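Asker: Just dropping this structure here.
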Amino acid sequence: MVSVLTEPRFSIERRSYSDGYLSDGIEWLPRRAALEITIDGRGLDADWYEIGLEVGSGPAEIYRYFPFASYIYVDDRLESIVEFSAELEDVTAYLRVPVGRPFSLTIVSEVAKPPGRNGDDRELSLRLLGMRALEACAAPADRTPLPALFDYYSQHQVRLVKTLPQPVFVIGSYRSGTSILTWAIGQHPNLWALEETGFLGLLAGGAFAGYRNAARAPRNFFEIYDVPQDEFLAAIGDGIHRFFSRASERRARLSDLGLISGAPGLHGERDQRIRLRSEEYSPKRRWVDGTPENTAYAALLRGLFPLAKFVCVVRHPYDAIASMVHFGGNREQRALEDALNTWVGMTNSALLAARAFGPQAVKIVLYDDVVNDPLRAMREIFEFIGEPRYPAAKRVFERRINSSELDRETRGGVWARLEALEPMRSPLPLYETLVSMRRDGWSVDPSAEVEIAERQNDLIERLLCVVS
Amino acid sequence: MHLSLMKDSETPRPVFVTGSYRSGTSILTWALGAHPHFHPLEETGWLAQYGTGALAGYDLVLDTPRNFFDVYGVSRSEFGAQVGAAIDAFMMRVSANGMPSTERRRWVDGTPENTKHVLLLRQLFPEAKFVFLVRNPKDTVASLVHFDRAGGAARSISAAARAWSSLTHRGLLAYRAFGPDVVKIVLYADLLDEPAATLKGIFEFLGDDSAPEAEAMMQQRINSSNVTSEEREAVHRRIDRSGWGKRLRRQYDEVLSVMAAPWSRDEEALLELESLQPLPTRVLASGQFAPLRWVLARIRERIK
């Protein structure tokens, strides 16, 4: 039976299987299970509630492969994707559900034991263990990438680009958790993590410079073919997206064939979870790039990828600076001054991008929040980028990557030196600005749009100067 | 085992008509583009900037350990070809207004500035062919001096002579470095005097048959400066007085003698072309763009 651990009460109407299936004391779900559930909202002052749906895998012989994913829909919204790596594994999917009206809960798993095998006429996929009410929550935001694309096409009259990539850029200063966050996002069934690219800024600058150079002529290529800059840049972005898809696909194939070692790069060993397909015939469609230098090129990248989302990770400056100073060991110590200037410069660029693009395109994430509650942090990030939840992404945080271990004494020493800075040079106000923006929200600042455009001009003009 | 990122059938095979301004690059571009297998393009004017940015990006990260291209096993030439393939797809869509043709699979770009970027363009389009048009320098200068009549900007004698000299030097370097399979030198005079035979030779070089549409297009005179013979003579006299006359003549003779001699690879020409190609360090060298300094500092640190 479905156990109700806390109020409010659930009532479930089963549609996909009969009560006879409960005879062994385990409530099994078939490969595709549709439940109708009502949460009794009496006494509750909320329209939406977050619940924890507990499900578990069965014995190994049920499944053709591990890991496999199960997709959980609330009404018709894909709300969460859970993954099972082993037999008899229990996981909790966190779902936002409406209160006081029936809703459908549909669970679709990749694999199941077909009925009639091993003397059991049931189709067995997952064990349904229970549900817990957690807390009142906000209604989920609409996730409508297709209408957004359609709007874009209609507004910009795009003829030449058939699809617009929707990449994710993790930006922020060095030593702020950009790598680990990138890998965590790249666990999602619809996103794959790229190695740090590092070349996109110059490439994008070249595209801008090319357009500007050609557009100077009175009767120029773009005018004659009626190609506005937006469309040209989006076409370049589309080409880069295809390149990333092909290069990643090749790498995955070579890795599958055992022809390259290590491959995917998270821990050095082969890791089947870093893959390019969420199912056998369902490729991941989006990529995430965590190159910190992209922070400086955000406006150029947004030109190439107008639907890109930027996750701006901000770490307390004292910790980030302490980590920069000691990253790579004593032989390669970065002077404190350099580290401070770098943190301030990069964080200022991130702040500028946030102000210029607004919260629709930029999400500020605090490193401390990610470390303290990765599950919640990842949930918020997936919500922001318009993807269903994927709690398994937090597995990345169970292992630290690319970490500069700091002993308490060293960290204390750096903190003390930074505390001693005169107030004008302290990085704390900048950090606090971002913290308050994250807390209180913000809106697009036209002056920031102008400033970020001026900054990108510098690179474009330099390219023009060198090439001509 | 190496899996290619691109099928052979996808490899772009564009044609670049290069040479000085006012050397017939436009008319030849449209003549070649009249062929049913080719699309003529308006002068692009952006390939070098974009290609330079893209390859400078490659070079920038190349020295960092465990860089993107290392990890994905993407060589510089493969990356350049991928950038070129994306450009090719864009050109095909642009020239066909979003509906690429299955017949016209190659495009022709007659931007004279491309003459300076043959090395770069070959890095983007390894299968590209270059038709290097050379016109008598004095006539070219006369046409450039009166370019305002064809909608361009009129040049002074020295500016016009310098333009011819510089572009011709670059075009010849490309021929010396890459040879007649990649660069075909065509004299403007031959194109005018014997259009059918000259076009036939060009199409042979491009690996295709000639087409009557191309010859018909050559009969049209487009984009002409309409310089009279008296005006031309006057400019010639001014060229001689300016001191450019002998120099231009010597350079033109050099073109003729290179054309007449059998080709052998000229490594020095290749080195010179390489030295003229913008490098990321030159792109990034100066200026106030702070983020680039972080990039360079980080790379330096990693190299240590």
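Asker: For the range A:104-114, indicate whether the set of residues that are in contact with a helix residue (DSSP H, G or I) (Cβ under 7 Å, 6 or more places away or on another chain) and surrounded by fewer than 20 Cβ atoms within 10 Å (Cβ to Cβ) is non-empty.
Answerer: Scanning the range A:104-114, I find no residue that is in contact with a helix residue (DSSP H, G or I) (Cβ under 7 Å, 6 or more places away or on another chain) and surrounded by fewer than 20 Cβ atoms within 10 Å (Cβ to Cβ), so the answer is no.
Asker: Name the pairs: first residue in the range A:165-182 and on the phi > 0 side of the Ramachandran plot, second residue modelled with pLDDT of 95 or more and part of a loop (DSSP other than H, G, I, E, B), Cβ to Cβ under 8 Å, at least 6 apart or on different chains?
Answerer: A:G172/A:R315; A:R175/A:R315; A:G177/A:R315
Asker: Just to check your reading of the model, which residue among A:N190, A:N220 is surrounded by fewer than 23 Cβ atoms within 10 Å (Cβ to Cβ), under 30 Å from A:P388 (Cβ atoms) and in the same structural domain as A:R251 (by TED's automatic domain parsing)?
Answerer: Among A:N190, A:N220, only A:N190 is surrounded by fewer than 23 Cβ atoms within 10 Å (Cβ to Cβ), under 30 Å from A:P388 (Cβ atoms) and in the same structural domain as A:R251 (by TED's automatic domain parsing).
Asker: Within the bounds of the range B:60-79, is there any residue that is modelled with pLDDT of 95 or more, under 19 Å from the mean Cα position of the chain (by Cα) and closer than 30 Å to A:A217 by Cα?
Answerer: no
Okay, residues lined up against (1) under 20 Å from A:I51 (Cβ atoms); (2) modelled with pLDDT under 80:
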| residue | (1), (2) |
| --- | --- |
| A:L88 | no, no |
| A:V99 | yes, no |
| A:V111 | no, no |
| A:P114 | no, no |
| A:N118 | no, yes |
| A:D142 | no, yes |
| A:R159 | no, yes |
| A:P165 | no, no |
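Asker: A further question follows. Scan the range A:347-377 for residues that are farther than 24 Å from A:R395 by Cα and among the basic types (K, R) and jot them down. Even if it seems obvious, please write down each step before you answer.
Answerer: Narrowing the range A:347-377 to residues farther than 24 Å from A:R395 by Cα: A:347-362.
A:R355, the sole residue that qualifies.
Asker: Let me ask another. Cβ-Cβ under 6 Å, sequence separation 6+ or interchain: first residue in the range A:291-310 and outside any helix (DSSP H, G or I), partner hydroxyl-bearing (S, T, Y). Which pairs?
Answerer: Listed by first residue and then by second, the contacts come to A:T291/A:T197.
Asker: Right, another one. Within the range A:348-426, which helices (runs of 4 or more DSSP H) (wholly inside it) include 2 or more residues that are modelled with pLDDT of 90 or more?
Answerer: Filter on the range A:348-426 gives A:367-372, A:374-384.
Asker: Can you tell me which residue is surrounded by the fewest Cβ atoms within 10 Å (Cβ to Cβ) among those in the range B:201-212 that are over 21 Å from the mean Cα position of the chain (by Cα) and either in a loop (DSSP other than H, G, I, E, B) or at pLDDT 95 or above (or both)?
Answerer: B:D209
Asker: Now for a different question. Among the residues of the range B:156-188, count how many are free of Cβ contacts under 8 Å to residues at least 12 places away in the same chain and of a type in the set (K, R).
Answerer: Number satisfying all stated conditions: 1.
Asker: Output yes when any residue across the range B:88-105 is of a type in the set (A, V, I, L, M, F, W, C), surrounded by 20 or more Cβ atoms within 10 Å (Cβ to Cβ) and touching a helix residue (DSSP H, G or I) at 6+ places or on another chain (Cβ under 7 Å), and no when none is.
Answerer: No: the range B:88-105 contains no residue that is of a type in the set (A, V, I, L, M, F, W, C), surrounded by 20 or more Cβ atoms within 10 Å (Cβ to Cβ) and touching a helix residue (DSSP H, G or I) at 6+ places or on another chain (Cβ under 7 Å).
Asker: Restricting to the range A:427-468, name every residue that is surrounded by fewer than 16 Cβ atoms within 10 Å (Cβ to Cβ), of a type in the set (S, T, Y) and part of a helix (DSSP H, G or I).
Answerer: Answer for the range A:427-468, where residues must be surrounded by fewer than 16 Cβ atoms within 10 Å (Cβ to Cβ), of a type in the set (S, T, Y) and part of a helix (DSSP H, G or I): A:S436, A:S447.
Asker: Here is a follow-up. More than 30 Å from A:A377 (Cβ to Cβ), buried (at least 20 other Cβ atoms within 10 Å of the Cβ) and at pLDDT below 85 - does that describe any residue in the range A:28-39?
Answerer: Yes, the range A:28-39 has at least one match.
Asker: Another one. Step by step: first the residues of the range A:193-207, then only those that are within 8 Å of another protein chain (Cβ to nearest Cβ) and not in a loop (DSSP other than H, G, I, E, B), then the one that is surrounded by the fewest Cβ atoms within 10 Å (Cβ to Cβ). Which residue is that?
Answerer: If we filter the range A:193-207 for residues that are within 8 Å of another protein chain (Cβ to nearest Cβ), which is where we start, we get A:194-207.
Subset that is not in a loop (DSSP other than H, G, I, E, B): A:200-207.
On the way: A:L200: 28, A:G201: 26, A:L202: 30, A:L203: 28, A:A204: 30, A:G205: 32, A:G206: 31, A:A207: 28.
Filtering the range A:193-207 for residues that are within 8 Å of another protein chain (Cβ to nearest Cβ) and not in a loop (DSSP other than H, G, I, E, B), the one surrounded by the fewest Cβ atoms within 10 Å (Cβ to Cβ) comes out as A:G201.
Asker: Return a yes/no flag: does the range B:128-146 have any residue that is within 9 Å of chain A (Cβ to nearest Cβ) and among the acidic types (D, E).
Answerer: Within the range B:128-146, the first condition is being within 9 Å of chain A (Cβ to nearest Cβ), and the residues that meet it are none.
No, because not a single residue in the range B:128-146 is within 9 Å of chain A (Cβ to nearest Cβ) and among the acidic types (D, E).
Asker: While we're looking at this one, here's another question. Would you mind listing the strands (runs of 3 or more DSSP E) fully within the range A:20-137 where at least 1 residues are within 22 Å of the chain's Cα centre (by Cα)?
Answerer: Passing ranges, in order: A:48-57, A:68-74, A:77-84, A:90-98.
Asker: Could you tell me which numbered condition B:S275 fails, if it satisfies all but one of (1) modelled with pLDDT of 70 or more; (2) farther than 30 Å from A:L300 by Cα?
Answerer: Every condition holds for B:S275 apart from (2).
Asker: Another question about this same structure. For the range B:46-69, how many residues are of a type in the set (D, E) and either facing chain A (nearest Cβ under 7 Å) or within 17 Å of B:R122 (Cβ to Cβ) (or both)?
Answerer: 1
Asker: Right, something else. Looking only at the range A:208-225, which residues are in contact with a helix residue (DSSP H, G or I) (Cβ under 6 Å, 6 or more places away or on another chain) and within 7 Å of another protein chain (Cβ to nearest Cβ)?
Answerer: A:A209, A:G210, A:Y211, A:N213, A:A214, A:N220, A:F221, A:Y225
Asker: Please go through the range B:70-94 and give me each residue that is more than 8 Å from every other protein chain (Cβ to nearest Cβ), part of a helix (DSSP H, G or I) and without any contact (Cβ under 8 Å) to a residue 24 or more places away in the chain, ordered by number.
Answerer: Residue satisfying the conditions is B:D70 alone.
Asker: Looking at the range B:160-190 only, could you name the residues that are surrounded by fewer than 22 Cβ atoms within 10 Å (Cβ to Cβ) and of a type in the set (A, V, I, L, M)?
Answerer: B:A163, B:V182, B:I185, B:L187, B:A189
The values are calculated or read from the model by the stated rules, or taken from the named source; none is laboratory data. Model, not experiment: these values are computed from the prediction. Cβ: placed from backbone, ideal geometry, glycine included. Neighbour counts: every protein chain shown.
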